[in-house]
1. Filter region 35-52 for residues that are more than 16 Å from M82 (Cβ to Cβ) and open to solvent by less than 60 Å² (accessible area, probe 1.4 Å) and give the result.
2. Scan region 23-49 and report the pairs whose first residue is of a type in the set (A, V, I, L, M) and whose second residue is assigned to a strand (DSSP E or B) and open to solvent by 60 Å² or more (accessible area, probe 1.4 Å), with Cβ atoms within less than 7 Å and a gap of 6+ or a chain change.
3. Among (1) of a type outside the set (A, V, I, L, M); (2) at pLDDT 95 or above; (3) under 20 Å from S121 (Cα atoms); (4) out of contact with any strand residue (DSSP E or B) (no Cβ under 7 Å at 6 or more places or on another chain), which single condition is P17 missing?
4. Taking region 99-121 as the search range and keeping residues that are part of a strand (DSSP E or B), out of contact with any Gly (no Cβ under 7 Å at 6 or more places or on another chain) and touching a residue at least 12 places away in the same chain (Cβ under 8 Å), which one is surrounded by the fewest Cβ atoms within 10 Å (Cβ to Cβ)?
5. Condition (residue is part of a strand (DSSP E or B), over 17 Å from R108 (Cα atoms), open to solvent by 50 Å² or more (accessible area, probe 1.4 Å) and β-branched (V, I, T)) applied to region 85-95: is it met by at least one residue?
6. Out of K75, K64, which single residue is touching a residue at least 40 places away in the same chain (Cβ under 8 Å) and open to solvent by 60 Å² or more (accessible area, probe 1.4 Å)?
7. Of the residues L47, L11, L4, only one is over 18 Å from G112 (Cα atoms) and out of contact with any Leu (no Cβ under 7 Å at 6 or more places or on another chain); which?
8. For region 3-16, indicate whether the set of residues that are surrounded by 20 or more Cβ atoms within 10 Å (Cβ to Cβ), in a loop (DSSP other than H, G, I, E, B) and of a type in the set (D, E, K, R) is non-empty.
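The values are calculated or read from the model by the stated rules, or taken from the named source; none is laboratory data. Just so it is clear, the structure is predicted and the values come from calculations on it, not from any experiment. Don't worry about glycine lacking a Cβ; one is built from the backbone with ideal geometry, like all the others, and counts go over all protein chains shown. Note: accessible area is taken over every heavy atom of the protein model, side chains too, but ligands, DNA and RNA are not part of it. Shrake-Rupley method; radii C 1.70, N 1.55, O 1.52, S 1.80 Å.
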Amino acid sequence: QVQLVEPGGGLVQPGGPLRLSCAASGSIFSINAMAWYRQAPGKERELVATITSGGSTNYADSVKGRFTISRDNTKNTVYLQMNSLKPEDTAVYYCNAAIKISRWSTFRDYWGQGTQVTVSS
């Protein structure tokens with residue numbers, strides 16, 4: 001089975017940095033796009049950032065200029081470097097990846113378990 005593990009959450013002060021990571025493991029043939037989503041209490045899950053297999057990135061307007069998504073294809077890992085954090089960034093962050101488990105399969109979405117990021121003084 002394919003699993004995405006997110007060990008990088010935590011509590012951070014407003015204005016501070018935090019880096020999230022998400023590593024995919026299991027039966028993986030290839031990984032296409034990877035992404036980060038977040039969901040705050042009472043709000044819908046929203047797309048934060050995406051990165052293609054070739055490294056092209058896109059960001060939500062709310063995080064543009066503050067967050068950076070990157071990936072290490074040799075480690076099947078995606079990162080989210082968050083700088084200048086604001087209280088409104090507080091949410092559960094989920095990684096997502098489009099993964100083929102074999103050359104005969106199609107790409108399907110897999111999700112990490114979610115990690116809590118709390119921005120508060």
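1. Of all residues in region 35-52, those more than 16 Å from M82 (Cβ to Cβ) come to 41-45, 52.
Result: T52, single match.
2. As it stands, the answer is A23/V5; A35/L47; A49/N58, since those pairs meet every condition given.
3. Tallying (1) of a type outside the set (A, V, I, L, M); (2) at pLDDT 95 or above; (3) under 20 Å from S121 (Cα atoms); (4) out of contact with any strand residue (DSSP E or B) (no Cβ under 7 Å at 6 or more places or on another chain), P17 fails exactly one: (4).
4. Initially, region 99-121 is screened for residues part of a strand (DSSP E or B), giving 99-100, 108-112, 115-119.
Add one more test, that the residue is out of contact with any Gly (no Cβ under 7 Å at 6 or more places or on another chain), and what stays is 99-100, 108-112, 118-119.
From the residues that got through so far, the ones that are touching a residue at least 12 places away in the same chain (Cβ under 8 Å) too are 99-100, 109-112, 118-119.
Numbers: I99: 23, K100: 17, D109: 10, Y110: 20, W111: 15, G112: 23, T118: 15, V119: 19.
That would be D109.
5. First, pick out the residues of region 85-95 that are part of a strand (DSSP E or B): 91-95.
Narrowing further to those that are over 17 Å from R108 (Cα atoms): 91-93.
Next, only the ones that are open to solvent by 50 Å² or more (accessible area, probe 1.4 Å) stay: none.
Checked region 85-95: no residue is part of a strand (DSSP E or B), over 17 Å from R108 (Cα atoms), open to solvent by 50 Å² or more (accessible area, probe 1.4 Å) and β-branched (V, I, T).
6. Values: K64 fails: touching a residue at least 40 places away in the same chain (Cβ under 8 Å).
Every option except K75 fails the conditions.
7. L11
8. In the first step, residues of region 3-16 are kept if they are surrounded by 20 or more Cβ atoms within 10 Å (Cβ to Cβ); the result is 4, 6.
Within this subset, residues satisfying the condition of being in a loop (DSSP other than H, G, I, E, B) are 6.
Narrowing further to those that are of a type in the set (D, E, K, R): 6.
Within region 3-16, one or more residues are surrounded by 20 or more Cβ atoms within 10 Å (Cβ to Cβ), in a loop (DSSP other than H, G, I, E, B) and of a type in the set (D, E, K, R).
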